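Taken together, the values in this text are just the output of simple stated rules run on the coordinates, not laboratory data. Just so it is clear, the model here is predicted, and its values are computed rather than measured. In this analysis, Cβ positions are derived from the backbone assuming ideal geometry, glycine residues included, and neighbour counts consider all displayed protein chains.
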Amino acid sequence: MISGSELRKGVIIELEGKLYQVIDYQHVKMKRTALARVKLRDIQARHTIERAFQSDDKLTRVRLDYHNSQYLYNDGNLYYFMDEENYEQVALSAEQLGDALNYLKEGMSVGISNYKGELVGVELPITVELKVIDTGSGFKGDTATAGNKPAKLETGITIQVPLFINNEDVIKVDTRTGSYLERVS
């Protein structure tokens with residue numbers, strides 16, 4: 001159990017039978033008490049909610065187990081992973097993976113999280129290298145769009161990239177924000 005004043009970014013709690021991760025935390029002092037305003041992401045359904053907790057509220061802190069696994073392939077709505085220690089294969093649905101689908105490549109190493117034996121989702125690396133499949137040509141002096149253009153990547157996601165990025169370039173993408181970081185040489 002933890003109190004409302006011990007909440008921080010990244011902490012996972014159980015609330016109303018669901019698992020939530022704190023993605024934003026703000027401490028607010030009031031006349032007689034302190035509040036913690038938090039933004040929580042439902043780990044399984046992937047939606048966010050906002051809540052306020054008093055400093056003496058008791059919450060159940062959850063610890064997830066992580067296993068390093070390698071992404072193998074997908075078959076329809078199921079995505080198969082192999083545990084890197086015991087070579088067992090597990091399947092996760094597209095709903096369990098959520099936005100992680102935008103960054104998954106065959107052979108990629110990820111952390112699969114589970115809680116009380118139930119698979120919850122995947123923990124991606126902070127950055128991934130993806131190939132640009134389709135992007136328009138950039139024009140010199142075209143700064144109306146702040147020097148960015150859309151680019152479709154090999155996994156199907158479209159992100160904004162600088163004008164100098166061309167088709168077939170490999171770029172590094174931040175999986176937390178979905179933003180371009182750099183071109184890989």
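Rounded, prolate or oblate, given the Cα gyration tensor of the chain, with a/c below 1.5 counting as rounded? Oblate.
Using a Förster distance of 45 Å, how high is the FRET efficiency between Q44 and L181, based on the Cβ-Cβ distance and rounded to 0.05? It comes to 0.95. Between I133 and A52, what's the calculated FRET efficiency when r is the beta-carbon distance and R0 is 45 Å? Round to 0.05. The pair I133/A52 has a calculated efficiency of 0.55. Can you give the helix-only mean residue ellipticity at 222 nm for the chain, where every DSSP H stretch with n ≥ 4 adds -39500 (n - 2.57) and the sum goes over all residues, rounded to the nearest 500 deg cm²/dmol? -500 deg cm²/dmol, from helical runs alone. Taking trypsin sites (Lys or Arg not before Pro) as exposed when their DSSP state is a loop state and no more than 15 other Cβ atoms lie within 10 Å, the longest site-free interval of the chain runs over 64-104.
Length available on full extension from N148 to K9: 0.36 nm per residue minus the Cα-Cα distance, which gives 47.0 nm. Just how far, in whole angstrom, is region 1-51 from region 65-105 if you go by their alpha carbon centroids? Going from one Cα centre to the other spans 28 Å.
Net charge within 14 Å of E129 by Cβ-Cβ distance, Lys/Arg positive one each and Asp/Glu negative one each, not counting E129 itself? Value of the local net charge: -2.
Under 19 Å from a label point set 7 Å out along the Cα-to-Cβ vector of M1, the amide N atoms of region 48-80 belong to 53-63.
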